[in-house]
Amino acid sequence: MTGSKRQIVIDAVNHKETAIIPYELSLTRAAAGRLKKEFKARHQPFKVDHFIVSTGDGHDVDLKDSRRQDHFGVIWRMDKKGDIGVVDNCLIKAPDLDAYRFPVPDKARIELGCKWLTRWQTRNLFRVFSIGFSLFERAWTLRGGIQNFLADMVRYPAFCHALLDKICEYNMGVLDIALKHARKLDAVYFGDDWGMQRGTIMGPRHWRTFIKPRLARMYKRVKDAGLFVMQHSCGDINELFPDLIEIGLDIYNTFQPEAYNLEAVKAQYGDKLTFYGGISTQTLLPFGTPDEVRAVVKRTMQVMGKGGGYIVAPTHAITEDIPTVNILAFLDVIQNQRT
């Protein structure tokens, strides 16, 4: 491998074809615990040769009865199926902000995270600062459910604008702290799910009304600091790509093959966006055979890696239902690329 892993990612994002396609694999807590036990029984460590390292502003506190509370005060039940839990409270019960006090960005935690990115173990990796639940998701979690905030968009648009402005202001405060350490960072990642299996949850008109203006403000702050912008959204957001490119998006995650035609998207946007993901955690990894996993990963890398602009990764953090043999098959391909 020539060049640092950090430089390989930067070259790929700048649409240069690299000898090694950069890659990443993350694990949910449940999957990490299972693999740790399995490999401990084999007297082997479980290691992934990462290209990307990240820190963020969020933090959770464990509560009783399989619940956790995030830094906005949202309580998540963790005893249901899924990896992030289910919202178990409603902090803004009516379309009125007076009863809720927004948190203040945790300066010490953010600065410690940025400093952590430059420790010797990670100094040659692509360094990302992450803001999860960055707009829409944070709004609906505060309103106690996605259906409540979707209804608000129609019934109480002024309230939606006010709530999203407050969330955006919080994020800008986080960025003000993190970007003072911009020399330690390469990109800022915003998490916010907008897609369904087909099309967007709220429709492009409402997305452009409520989400795009705040997103553009946050993207500009990152771009002005000389960093790349990364955006996560599950599902099909193909109709939003022109808008996202217009406001400065560089890297799109999670790029689900069930939602996109890989060849078509690469042909249309491959010189404008870097796609991060592409290996299905919905169908391939949980249900395929190891040989099928190897074949699909190789083909996806051939299609998406042409001319750079690709980071190969599962479309979601590895969940507990994905067989170990398929995880190892994925790693076998990505970690043994021919130079």
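Numbers below:
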read-out: Residue ranges of strands (runs of 3 or more DSSP E) in segment 13-70 with at least 1 members of a type in the set (D, E, K, R); value: 60-63, 67-70
read-out: Which listed residue is crowded, with 18+ Cβ neighbours inside 10 Å, charged (D, E, K, R) and either in contact with a Ser or Thr (Cβ under 6 Å, 6 or more places away or on another chain) or modelled with pLDDT under 95 (or both), from Asp192, Asp186; value: Asp192
read-out: Residue that is surrounded by the fewest Cβ atoms within 10 Å (Cβ to Cβ), among those in segment 295-306 that are basic (Lys, Arg) and part of a helix (DSSP H, G or I); value: Arg299
read-out: Residue within segment 228-245 that is of a type in the set (Phe, Trp, Tyr), at negative phi and in contact with a Phe, Trp or Tyr (Cβ under 8 Å, 6 or more places away or on another chain) present; value: yes
read-out: Residue, surrounded by the fewest Cβ atoms within 10 Å (Cβ to Cβ), within segment 71-87, restricted to residues that are part of a loop (DSSP other than H, G, I, E, B) and modelled with pLDDT of 95 or more; value: Gly73
read-out: Only listed residue being at pLDDT 95 or above, closer than 18 Å to Asp193 by Cα and crowded, with 18+ Cβ neighbours inside 10 Å, chosen from Gly309, Gly270, Gly278; value: Gly278
read-out: Some residue of segment 173-182 being over 21 Å from the mean Cα position of the chain (by Cα), crowded, with 17+ Cβ neighbours inside 10 Å and farther than 26 Å from Leu273 by Cα; value: no
read-out: Residue within segment 332-339 that is assigned to a loop (DSSP other than H, G, I, E, B), closer than 22 Å to Ile20 by Cα and touching a strand residue (DSSP E or B) at 6+ places or on another chain (Cβ under 8 Å) present; value: yes
read-out: Verdict on Asp49 being at pLDDT below 95 and closer than 24 Å to Val312 by Cβ; value: yes
read-out: Residue in segment 104-133 that is surrounded by the most Cβ atoms within 10 Å (Cβ to Cβ), counting only those that are of a type in the set (Ser, Thr, Tyr) and part of a loop (DSSP other than H, G, I, E, B); value: Thr122
read-out: Boolean, Met196 is more than 14 Å from Ala94 (Cα to Cα) and touching a Gly at 6+ places or on another chain (Cβ under 8 Å); value: yes
read-out: Lone qualifier among Thr319, Thr324, Thr289 - being surrounded by fewer than 22 Cβ atoms within 10 Å (Cβ to Cβ) and at pLDDT below 95; value: Thr319
read-out: Residue match in segment 174-190 (condition: in contact with a helix residue (DSSP H, G or I) (Cβ under 6 Å, 6 or more places away or on another chain) and closer than 26 Å to Lys93 by Cβ); value: no
read-out: Gly3 vs. criteria touching a helix residue (DSSP H, G or I) at 6+ places or on another chain (Cβ under 9 Å), surrounded by 12 or more Cβ atoms within 10 Å (Cβ to Cβ) and free of Cβ contacts under 8 Å to residues at least 24 places away in the same chain; value: yes
read-out: Yes/no for Gly3 being closer than 30 Å to Ala151 by Cβ and either in a loop (DSSP other than H, G, I, E, B) or modelled with pLDDT of 95 or more (or both); value: no
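The values are calculated or read from the model by the stated rules, or taken from the named source; none is laboratory data. Computed from a predicted model, the values in this text were never measured in an experiment. Neighbour counts run over all protein chains shown; Cβ positions are idealised from the backbone, glycine included.
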